[in-house]
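S.K.: To start, I am sharing the structure in question, which I have written as structure tokens.
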Amino acid sequence: MIPTLIMVGAVFGRWWRVTLLASAVGWSALLVVTGAMTPGPALAGATGLAVLNSGAGVLIHQGILRGGRKLRRAMASRRST
């Protein structure tokens with residue numbers, strides 16, 4: 001499931017707050033509903049790992065956005081001179 005959470009973060013990273021919140025709530029709900037875990041400290045740890053994995057995807061997305069913006073600015077400044 002780690003790659004799935006990273007992919008969710010990478011795809012929806014533009015809306016990073018909602019993405020991280022949704023991954024925390026969604027992953028916790030999935031674990032409880034399927035009976036894989038019961039509410040408790042272990043579930044809190046699993047939720048934290050879900051947020052970290054989604055956060056890695058968000059960082060990838062944000063890095064691509066910022067890199068693209070820098071590249072566009074550099075290209076625009078070359079054209080104007």
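S.K.: May I ask you to list pairs of residues, at least six apart or on different chains, whose Cβ atoms are under 7 Å apart, with the first in segment 46-63 being assigned to a helix (DSSP H, G or I) and the second being polar (S, T, N, Q)?
M.R.: So the pair list comes out as 47/28; 50/23; 51/23; 54/19; 54/23; 58/19.
S.K.: Something else: Which residue out of 34, 38 is hydroxyl-bearing (Ser, Thr, Tyr), modelled with pLDDT of 95 or more and open to solvent by 60 Å² or more (accessible area, probe 1.4 Å)? Don't jump to the end; show me each part of the working.
M.R.: Details: 38 fails: modelled with pLDDT of 95 or more.
Testing whether each residue is hydroxyl-bearing (Ser, Thr, Tyr), modelled with pLDDT of 95 or more and open to solvent by 60 Å² or more (accessible area, probe 1.4 Å) leaves just 34.
S.K.: Select from segment 1-31 the residues that are surrounded by 18 or more Cβ atoms within 10 Å (Cβ to Cβ), of a type in the set (Phe, Trp, Tyr) and either part of a helix (DSSP H, G or I) or on the phi > 0 side of the Ramachandran plot (or both) and list them in ascending order.
M.R.: Result: 27, single match.
S.K.: Could I ask something else about it? Could you tell me which of the residues 65, 49 is of a type outside the set (Val, Ile, Thr) and in contact with a Gly (Cβ under 9 Å, 6 or more places away or on another chain)? Break it down stepwise before answering.
M.R.: Details: 49 fails: in contact with a Gly (Cβ under 9 Å, 6 or more places away or on another chain).
From the options 65, 49, the qualifying one is 65.
The values are calculated or read from the model by the stated rules, or taken from the named source; none is laboratory data. From a predicted model like this one, the values you see are computed outputs, not experimental measurements. Every residue, glycine among them, receives a Cβ derived from its backbone with ideal geometry; neighbour counts consider all protein chains shown. Areas reflect the complete protein model, heavy atoms only, side chains present, ligands, DNA and RNA absent. Shrake-Rupley method; radii C 1.70, N 1.55, O 1.52, S 1.80 Å.
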